[in-house]
Each structure stands twice: as structure tokens, then as C-alpha cells.
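The next block holds one structure in the form of C-alpha cells; read it before the comments.
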Amino acid sequence: MVYTAENLSLAILEYLVHLDPEHPPTDLVLAQAEVPDDLPRIHQDESSLPKDWRRSPAPEELAEIGRKFVTEAKAAILIIPSALAPADHNWLINLDHPDFRKIRLMEPIPFAWDPRLVKG
């Protein structure tokens with residue numbers, strides 16, 4: 001499974017929360033993909049998540065949702081709210097789903113941090 005964000009700003013936020021701001025990586029690239037509109041996807045809304053779903057570390061029930069998504073293989077993509085920004089969504093992509101190959105990966109491009117976000 002690949003853990004992605006629906007937009008660049010959320011991807012930065014999701015990465016930044018786990019980053020040592022004193023030692024940011026200098027070799028990051030932005031990987032983008034085109035996802036066909038008709039690709040099977042499941043939307044997991046906030047009301048269907050455990051009450052403490054935004055807790056860190058994440059409750060085990062969230063991992064179980066991911067395991068079920070992969071093993072049942074009903075869709076190629078699981079769209080879930082971000083614990084950091086619940087109005088935005090992360091997209092979990094099941095690489096083993098037959099429709100995964102319909103996702104078109106774009107050429108990666110170098111990514112540089114805005115110096116206001118990190119000290120590196």
C-alpha cells in the first residue's frame with residue numbers, strides 16, 4: 001500500500017510532522033499521479049472512524065481499516081481524512097488491486113523546502 005495526499009500542501013504537512021526540522025532531507029522529489037475518475041475508490045468519512053482517530057500514536061483500529069481495505073480489494077483507493085487537517089484527505093493506494101495499473105505516474109520533480117518551514 002502507498003500512502004499519499006490529495007494535494008501538495010497536505011503532503012508537505014504530513015511529511016513535516018515527522019521531520020527533524022534541524023536536519024531536513026535535501027534530496028526529496030515530488031511524485032504525482034493521474035487517477036482516472038472512474039477508478040474504484042472507497043471514501044472513509046470521519047464519522048466512521050474510531051472516536052480517538054486523531055490520537056498519536058494512531059489507534060490500532062485505523063491499521064485494521066487499512067488491512068481490511070487491502071485484503072478485501074474492493075477498490076484501488078481508500079480516501080480518508082487527514083488527522084492533521086481533517087478537511088483534507090490522504091489517499092491509500094492498493095498496489096495489488098487490478099485497477100492500480102490504470103494510475104499514471106508522472107515524472108518525479110525535485111522538491112525544495114521553503115526555508116521558513118525548515119532550518120536546513
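Data for the structure
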item: Filter result (of a type outside the set (Gly, Ala, Ser) and not in a loop (DSSP other than H, G, I, E, B)) within the stretch 25-37; result: 29, 30, 34
item: Residue 54, sole failed condition from (1) without any contact (Cβ under 8 Å) to a residue 60 or more places away in the chain; (2) exposed (fewer than 14 other Cβ atoms within 10 Å of the Cβ); (3) among the basic types (Lys, Arg); result: (2)
item: Qualifying positions in the stretch 32-49 - of a type in the set (A, V, I, L, M, F, W, C) and either at pLDDT below 95 or within 12 Å of residue 77 (Cβ to Cβ) (or both); result: 33, 35, 39, 42
item: Among residues of the stretch 67-85, those that are in contact (Cβ under 8 Å) with a residue 24 or more places away in the chain and either on the phi > 0 side of the Ramachandran plot or out of contact with any Phe, Trp or Tyr (no Cβ under 9 Å at 6 or more places or on another chain) (or both), counted; result: 7
item: Given (1) closer than 26 Å to residue 98 by Cβ; (2) touching a Lys or Arg at 6+ places or on another chain (Cβ under 8 Å), number of the condition residue 32 does not satisfy; result: (2)
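The values are calculated or read from the model by the stated rules, or taken from the named source; none is laboratory data. Remember, it's a predicted structure, so these values are computed and weren't measured experimentally. Reconstructed Cβ throughout: ideal geometry from the backbone, glycine too, with neighbour counts over all protein chains shown.
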